[in-house]
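Here the structure is laid out as structure tokens; the discussion comes afterwards.
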Number of protein chains: 2
Amino acid sequence: MLNISQRGKQMPPSPIRKLVPFAEAAKKKGIKVYHLNIGQPDIETPPAILDAVRHADIKVLEYSHSAGNESYRRKLVQYYKKVGIDVSHEQIIITTGGSEAIMFGFFTCLNPGDEVIIPEPFYANYNGFACAAGVNVVPITAHIENGFGLPPITEFEKAISTKTKAIIICSPNNPTGYLYSREEMQALKEICIKYNLYLFSDEAYREFGYDGDYVSAMHLKGLEEHVVLMDTISKRYSACGARLGAFVTKNKAVYDAAMKFAQARLSPPGLAQIMGEAAVDLPSSYFDEPKAEYLSRRNLLVSKLNAMPGVFCPIPGGAFYAIARLPIDDCDKFCQWLLEDFSYNNQTVMLAPATGFYGTPGLGKNEVRLAYVLTLQSINAAMDCLEKALEQYPGRVITEKAEALTAK
Amino acid sequence: MLNISQRGKQMPPSPIRKLVPFAEAAKKKGIKVYHLNIGQPDIETPPAILDAVRHADIKVLEYSHSAGNESYRRKLVQYYKKVGIDVSHEQIIITTGGSEAIMFGFFTCLNPGDEVIIPEPFYANYNGFACAAGVNVVPITAHIENGFGLPPITEFEKAISTKTKAIIICSPNNPTGYLYSREEMQALKEICIKYNLYLFSDEAYREFGYDGDYVSAMHLKGLEEHVVLMDTISKRYSACGARLGAFVTKNKAVYDAAMKFAQARLSPPGLAQIMGEAAVDLPSSYFDEPKAEYLSRRNLLVSKLNAMPGVFCPIPGGAFYAIARLPIDDCDKFCQWLLEDFSYNNQTVMLAPATGFYGTPGLGKNEVRLAYVLTLQSINAAMDCLEKALEQYPGRVITEKAEALTAK
């Protein structure tokens, strides 16, 4: 018999997408489903960047340079300058989404059997890339009680072994929305230098910080050789489908090795690079509107959640996600139940069970991630559904129990 | 000190692109360089498929399904039917170029330490994906004397070990242009069944077969569970920069595992999928013109080559590549010399040294790959350059020596 590979077996299915068949079934029954489960913004893609593609004079859609068009990389240098990041176009590799940048990081910097430390809950697809690369993820738990701030550095030190090669951070964070402070970034810098670790910095949500200063890993003086920046235009310009990201590092050896992976896949998407290049020319005021919109949505969502009995949701400082603790026995069951067995005024809500974002088995059982990527009106309706659902859910537990579960 | 990974070190640089700096230097000196080194067709991308993107009504460029838009996959089913391949849309995963399809194949079907057999010379980037996946490539030599036909099955049997999990073929072939016959495909089928091997079939050049029948691995009855088809629109519609391919298999376990890798990277490029969908609606007569054009170019190129003293080029049955044996000491030196030290009427030619396409060290030293992706006029001029260059090249060897080198 033909067998698939071990990593093919071990590869985790997407925790965000596994409920999709239940959502499809609900829709077939005529139920409206509010999708708070996935970070697909409803904000319009800036028409100017789509127009750049529409008006591009293309005779032959050729391979670009494996690092991406030089013209786009030079434009990105200008963009990074605006956000206080000083890099050259020869320190940037344009990638197929942030995903490929993450993959290049794993394959370039880590050997099979090496370990990467990631504060949990974390973006679930890091698991997939780690599995593909044969790398072991060592999670360090951040807690909902302090809004998912950086776990104490002593926890990192306990987790560091001779196999540890890197730390991954994401700020503003997916799935928690937490925005790391300058002090937290400084603490990460110190530990990376002390233990000689790479710092992989996923900055997909850079523009969406609401409270406090935004600090990029690239702002940390003295850490230049350690930092690999993983970037994407997906969320910044609401262009997830473009699949356009960037791998940025000042470490020449890392850059040169990553370029070989980039050459093997020839080039990043061509039409998307035209969009990306045009995006740099959008006025800086472009972000004012989506940012204000996300901020209003955050405020509505969090206040609605915290007004529900037994629910706790810390205020996320950035991105467009929040994790809430619910008075439930099991978030996987609850999220499925919402789609399979519940409706209110013929509507229901789709959430992401938080278990999928934890590396430690058993954690996050009474938490869900909510992406506030819908209009205020939809968020209102979705929260009404959630409130009713929590009243009716057979697996409801009393608040103290829920808190005890989290503290466990 | 921070170290890069072992695979980062071992990852081969692109043999096609390593001469680029020399070409750039030649151009700076004002020399015109004919690029026969890379499979970037000059054929116009069908305007209709670019127009489909221009006229697409996009408000938010969203993630597509991880397997690609269902509408595109259903369209592709129609396309495959036209070429005698019977698959459903649930056996297709849309990929970021053929490259990603190859990568999914390696990661899904092979473990680190496993072996894949590939007739050499072969597409050099298979090495890169094998390296990333920790898979060992076992080359079996095809010979220029018989036009790079499939090596005898006895050679495969000698190379098969307990670690062997797959064979990769590419027909019509890059870099040789060889088109496998029905008998050769049948022989491959038998060996895959006998030894329980996957057959990875890279069919990037399907439409460009000039002599004899085209046989897809998907046409082989009884091999359904073994075949993974790796496809791309890059060459078919001269749309290399779109980065759009497909991973196709009837093996459900392989499909399901590959889907997990597909989910980890979220989705394939969105704008390119619009192009791909429109491409299926091009009339079948669309291929008549590019195919006739490539055929004329092939005939011109091969006759010009064979008319040069000491040069031998078998007639390739498909794709748009040819490998020629030249009366030279070392193709790497020669190709660099062409760019660095030679010009004729202020022109020169860029070729791909064949050494990069062999897995066995030392083979291909007096061979080069030529991609006939330029107009007849340019091919003529490029061949004039090559003829003059061979007269002047200090490392020229006499014909018998060259033949002896190949036979070695």
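Rule-based calculations on the coordinates, nothing more; no lab input. As the structure is a prediction and not an experimental result, all values here were calculated from the model. FYI the Cβ positions are ideal-geometry reconstructions off the backbone, even for glycines, and counts take in every protein chain you see.
Count the net charge of all other residues whose Cβ sits under 14 Å from the Cβ of A:Glu387, scoring Lys and Arg as +1 and Asp and Glu as -1.
So the environment of A:Glu387 carries a net charge of +1.
With the label 7 angstrom out along Cα to Cβ, how close does B:Gln78 come to the same site in each of the other copies, in nm, nearest first?
The projected label point of B:Gln78 is separated from its counterparts by 4.2 nm.
Could you please report the charge total around B:Ala25, scoring K, R as +1 and D, E as -1 over all other residues with beta-carbon less than 15 angstrom from its beta-carbon? Write out the running numbers ahead of the final one.
Numbers: positive: B:Arg17, B:Lys18, B:Lys27, B:Lys28, B:Lys29, B:Lys32; negative: B:Glu24, B:Glu340, B:Asp341.
Overall, the nearby charge balance is +3.
Which entries of B:Lys32/B:Lys291; A:Lys28/B:Lys165; B:Lys18/B:Lys260 have Cα-Cα distances beyond 32 Å here?
Pairs exceeding 32 Å: A:Lys28/B:Lys165; B:Lys18/B:Lys260.
What are the lysines whose alpha-carbon lies under 17 Å from the alpha-carbon of B:Lys59, with same-chain residues fewer than 8 places away excluded?
Correct list for B:Lys59: A:Lys235.
Give me the log10 of I(q) over I(0) for the range A:168-217 at q = 0.14, 0.26, 0.31 Å⁻¹, as the Debye formula computes it from C-alpha points; what are the numbers?
The calculated log intensity ratios at q = 0.14, 0.26, 0.31 Å⁻¹ are -0.33, -0.99, -1.25.
Within a Cβ distance under 12 Å of B:Ala133, other residues only, what is the Lys/Arg minus Asp/Glu net charge?
With Lys, Arg at +1 and Asp, Glu at -1, the neighbours total +1.
Semi-axes of chain A's equivalent ellipsoid from the Cα gyration tensor, sqrt of 5 times each eigenvalue, largest first, rounded to whole Å?
Square roots of five times the eigenvalues give 34, 26, 21 Å.
Shortest first and in nm to one decimal, what separations exist between B:Pro112 and its copies in the other chains, measuring from label points 7 Å along the Cα-to-beta-carbon line?
Listed shortest first, these distances are 0.4 nm.
Would you kindly calculate the translational diffusion coefficient of the range B:73-131, applying Stokes-Einstein with the Kirkwood radius from alpha carbon pairs, for 25 °C and a viscosity of 0.890 mPa s, and quote it in µm² s⁻¹ without decimals?
Stokes-Einstein gives a translational diffusion coefficient of 183 µm²/s.
Quick one: helix B:331-340 against the long Cα principal axis of chain B, what's the angle to the nearest 10°, folded into 0 to 90?
70
Along the principal axes of its C-alpha atoms, what lengths does the protein assembly as shown span, in descending order and rounded to whole Å?
89, 56, 51
Under 15 Å Cα to Cα from A:Lys75, which aspartates and glutamates show up? Leave out anything in the same chain fewer than 8 places away.
A:Asp86, A:Glu90, A:Asp231, A:Glu277, A:Asp281
Considering only C-alpha atoms, what is the centroid distance from the range B:305-329 to the range B:270-287, in Å?
Each part's Cα centre sits 34 Å from the other's.
Starting from the exponent 0.38 and prefactor 2.2 Å, build the expected Rg for the range A:47-281 from its residue count and divide its actual Cα Rg by it.
With N residues counted in the range A:47-281, Rg over 2.2 N^0.38 Å equals 0.99.
For the range B:1-103, what log10 I(q)/I(0) values come out of the Debye formula at q = 0.18, 0.19, 0.20 1/Å, with one point per alpha carbon and no solvent?
Ignoring solvent entirely, the Cα scatterers give -1.10, -1.12, -1.15.
Rounded, prolate or oblate: which fits the range B:1-46, taking a ≥ b ≥ c as square roots of the Cα gyration tensor eigenvalues, rounded meaning a/c under 1.5, else prolate when a/b beats b/c?
oblate
Calculated FRET efficiency, B:Asp281 and B:Asp213, Cβ-Cβ r, R0 25 Å, to nearest 0.05? It would help to have the intermediate numbers written out before the result.
Details: r = 26 Å, r/R0 = 1.04.
It comes out at approximately 0.45.
What are the nm distances, shortest first, from B:Thr360 to its equivalents in the other copies, labels at 7 Å along Cα→Cβ?
Values, ascending and in nm: 5.7.
Only Cα pairs under 8 Å and at least 6 apart count here; give the relative contact order of chain A as a rounded whole percent.
For chain A, the relative contact order is 24 percent.
If we count other beta carbons within 10 Å of each Cβ, what is the order of A:Leu50, B:Leu374, fewest first? Show your work: numbers first, answer last.
Values: A:Leu50 25, B:Leu374 21.
The most exposed by this proxy come first: B:Leu374, A:Leu50.
Under the 0.36 nm per residue contour assumption, what length would be gained going from the current alpha-carbon distance of B:Lys194 and B:Lys59 to full extension? Could you put the intermediate results ahead of the total?
Working: separation 135, 0.36 × 135 = 48.60 nm, distance 5.28 nm.
Separation in residues times 0.36 nm, less the Cα-Cα distance, equals 43.3 nm.
Checking the table B:Lys81/B:Lys221; A:Lys333/B:Lys252; A:Lys189/A:Lys252 against a 23 Å threshold on Cα-Cα, which pairs fail?
A:Lys333/B:Lys252
Among bridges DSSP assigns within the range B:190-311, what percent are antiparallel (round to 5)?
55
Given the protein assembly as shown, what percent of its DSSP beta bridges are antiparallel, to the nearest 5?
50
Over all distinct alpha-carbon pairs, what is the Kirkwood Rh of the range A:97-193 in angstrom?
13.7
For labels at A:Glu157 and B:Ser88 in the simple 7 Å Cα→Cβ model, what's the distance in nm?
Computed distance between label sites A:Glu157 and B:Ser88 equals 5.8 nm.
For A:Asn306 paired with A:Lys291, estimate the spin-label separation in nm (one decimal), with each label point 7 Å from Cα along the Cα-to-Cβ line.
Result: 2.3 nm between the two label points.
Would you mind ranking A:Ser71, B:Ser216 so that the residue whose beta carbon has the fewest other beta carbons within 10 Å leads the list?
Fewest-to-most ranking of A:Ser71, B:Ser216: A:Ser71, B:Ser216.
Please list the three semi-axes, largest first and in whole Å, of the ellipsoid equivalent to the range A:250-408, using sqrt of 5 times the eigenvalues of its alpha carbon gyration tensor. Write down the numbers at each step before the final one.
Numbers: eigenvalues 276, 97, 48 Å².
Semi-axes from the Cα gyration tensor: 37, 22, 15 Å.
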